[in-house]
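Novice: Here you go, one structure.
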Amino acid sequence: MISWKKQRHIAFLSFLIFLFSFNGVLAQGDAKNGQTLFKSKCSSCHALDKQVVGPALGGVVARLKKDQNLDEAWLLKWIKNNEALRKSGDKYANQVYEKFNKTQMTVFADLSDQNIKDILEYTSNPPKEEPKADAAGGAGAGMDATAISAQKEQDKKTTAMLLITLGAITGLLTWVLLKLRQLVKLQADPLLTPEDAKKTKSFGEYYKKYNKVAKALLGLLALLALYGLWNALMGIGVYKGYRPEQPIYFSHKIHAGENKIDCQLCHSSAKYGKVSEIPSVNVCMNCHRNISEYKGKYIEPGKTREFYTGQIKEIYKASGWSEEKQAYVNPPKPIQWTRIHNMPDFVYFNHAQHVVAGEQAIISSWNKKNKDNQIDVVCKACHGKIDTMNVVEMANDFTMGWCIECHRSTEVDMTNGYNKEYFKNLHTKLKKQYPASNGKVTVESIGGLECGKCHY
Ligand code: HEC
Ligand code: HEC
Ligand code: HEC
Ligand code: HEC
Ligand code: HEC
Ligand code: HEC
């Protein structure tokens, strides 16, 4: 039986969770605001990762704390009015001024403390860089920044709506609980006049008669609400199945499936770094200068050859290519692909780590469940069978639980050069430490569950 006290606790708890989650949404805005301010006020002289006119500011809070034992208060003073701080005889302020050949930093008397804190938050936890447009060809690669921000804006709105609805439900529930409680109290009150009693009699008696059932029902309701809340919160940021429409109907099934074009021919940066970029229109043109019509056997139901050919012409529009002149005659217009996968800013994910170092490990665990010797199997372990998709969709949750699950279960490949050298002694040590594991070394054993590995 759930007592009144407990029911109140439950309502209160849901409320706390509600407030807490709301707080999370607000906290995220800080670094964003900081980024905007940084771009408008500081980026003419500072970058995060390199010295420009002034020093690199990435992680400056931690650096000054460590090297100079200066805290945020000092930074507030410096950023607001570095000149005044220097004149006050502050040691480090003068030292850094000398070091930069007495280059004067702008005075920002108009920045509020909160604004400066936002900027510092940005320098400590910068949101991940969006892939840049391809500078070489001028023809833009990758995803369009406005599309990303529109999507983010949309996400934020959805989250806010959800939270408001949940808040309303929690409020209503609390109200009902309190109201019922009042009724019970009233019923038990010896000073109740007969008239009052009449008013409440029917309900009160009814309630009394089914007291236990009623309480149980209410308790259940509260639990359900809590469960719903929890689920909804866990669902935020899960976009499995997300498949936006793209500006050109580009089919992975036709390219990677039918024509067996290697994933990494187009997504060539997956091997070298963090981001697996979307190919620029130049890459498309390497082939499509010569492939101007669709003559393939495969046609998706509902589509026609003419439709596909029409889509190829869109590449020409984007690249400024003229078929008659066989030359680029118009200025290129970047193709504005809509980004599908997008980890939150506080997550660090690196393609090379998985596609190169982890390749064999991932392939062999994928092959335990799937028979597949087609191209680039490693990609599929995370992205699903892209080579069968006409329109790319998110094939997995891409949540923390999803990353962790694979790190728990996948044995690392101890034969690859890097791991062999790096973990020379680990293997034997683990064997001794966990004899039951039979010397199995999973990603977890090499630290793949440590928070700092995936979070900035
Ligand atoms: C006109 C160029 C200029 C602008 C704009 C500018 N700075 Fe500076 N900043 C400098 C220079 C130069 C230094 C090195 C010290 C000196 O010469 O005074 C510096 C130093 C700093 C330092 C000390 C770093 C260290 O490693 O000791 C911080 C922090 C800083 N700037 C923050 C900011 C912030 C935040 C903004 C934007 C609100 C900003 N700066 C805008 C030129 C600039
Ligand atoms: C001929 C070039 C080409 C080949 C080959 C290719 N892709 Fe793509 N890929 C693209 C383009 C263009 C997009 C953006 C449009 C879209 O989403 O369909 C894209 C998008 C993607 C996305 C979604 C990116 C996002 O926005 O989050 C994934 C994942 C992906 N490709 C994986 C693969 C895999 C895995 C293979 C191999 C089986 C592959 N690609 C082969 C060109 C290619
Ligand atoms: C390695 C060569 C190659 C590259 C690179 C390439 N394609 Fe293709 N593309 C093909 C082939 C082959 C076909 C099928 C032609 C046929 O069967 O007649 C095709 C067909 C198409 C079609 C019609 C079918 C469909 O998918 O809708 C479109 C549109 C298209 N490509 C767009 C692109 C875009 C956009 C890019 C750059 C992101 C690109 N292609 C890069 C080889 C390539
Ligand atoms: C271990 C899982 C994993 C493997 C293996 C993997 N990816 Fe990804 N991929 C991801 C995640 C996670 C993201 C989202 C990254 C982000 O938003 O920062 C992503 C994003 C992408 C994107 C969108 C651009 C970007 O980097 O955000 C493309 C394109 C892509 N992957 C292609 C590939 C290709 C091609 C391969 C194989 C060579 C591959 N991926 C292998 C997990 C994986
Ligand atoms: C399909 C399985 C798989 C998935 C899913 C996966 N990983 Fe991994 N991950 C691996 C393997 C295998 C390694 C080990 C690579 C090696 O041998 O160095 C690894 C290594 C790492 C490392 C380095 C760990 C270390 O201790 O050096 C990081 C960081 C990482 N993954 C982040 C992520 C993130 C973030 C996600 C989710 C977005 C993710 N991984 C999803 C298989 C996976
Ligand atoms: C293998 C990579 C990986 C490791 C290790 C990892 N995380 Fe995460 N974490 C993620 C990813 C990916 C997300 C984003 C999930 C999403 O967008 O749904 C995330 C999200 C979060 C969130 C936001 C809440 C949420 O569920 O979206 C918190 C808080 C968090 N992690 C804390 C931690 C802590 C604490 C640890 C250490 C015990 C840790 N993480 C270890 C990958 C990891």
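The values are calculated or read from the model by the stated rules, or taken from the named source; none is laboratory data. This is a predicted model, so every value here is computed, not measured. Methodologically, a virtual Cβ is constructed for each residue, glycine included, from the backbone with ideal geometry; neighbour enumeration extends over all protein chains shown.
Novice: So if I check each of Lys380, Lys453, Lys368, which one is of a type in the set (Lys, Arg), under 29 Å from His255 (Cα atoms), in a helix (DSSP H, G or I) and at pLDDT 85 or above?
Specialist: Lys380
Novice: Of all residues in the stretch 12-58, which are at pLDDT 50 or above and small (Gly, Ala, Ser)?
Specialist: Correct list: Ser14, Ala31, Gly34, Ser40, Ser43, Ser44, Ala47, Gly54, Ala56, Gly58.
Novice: Could you list all residues from the stretch 290-302 that are within 8 Å of ligand 3 (Cβ to nearest atom) and of a type in the set (D, E, K, R)?
Specialist: Result: Glu293, Lys295, Lys297.
Novice: Yes or no: the stretch 255-269 includes at least one residue that is within 16 Å of ligand 5 (Cβ to nearest atom), under 20 Å from Lys128 (Cα atoms), under 21 Å from the mean Cα position of the chain (by Cα) and at pLDDT below 90. Walk me through it before giving the result.
Specialist: First, pick out the residues of the stretch 255-269 that are within 16 Å of ligand 5 (Cβ to nearest atom): 263.
Those still in the list that are under 20 Å from Lys128 (Cα atoms) too: none.
The answer is no, given that none of the residues of the stretch 255-269 is within 16 Å of ligand 5 (Cβ to nearest atom), under 20 Å from Lys128 (Cα atoms), under 21 Å from the mean Cα position of the chain (by Cα) and at pLDDT below 90.
Novice: Out of curiosity, is Ala361 away from ligand 1 (no atom under 16 Å from the Cβ), part of a helix (DSSP H, G or I) and at pLDDT 90 or above?
Specialist: No: the conditions fail for Ala361.
Novice: Does Val61 qualify as being of a type in the set (Val, Ile, Thr), over 30 Å from Ala222 (Cα atoms) and either within 16 Å of ligand 5 (Cβ to nearest atom) or modelled with pLDDT of 85 or more (or both)?
Specialist: Spelling it out, Val61 is indeed of a type in the set (Val, Ile, Thr), over 30 Å from Ala222 (Cα atoms) and either within 16 Å of ligand 5 (Cβ to nearest atom) or modelled with pLDDT of 85 or more (or both).
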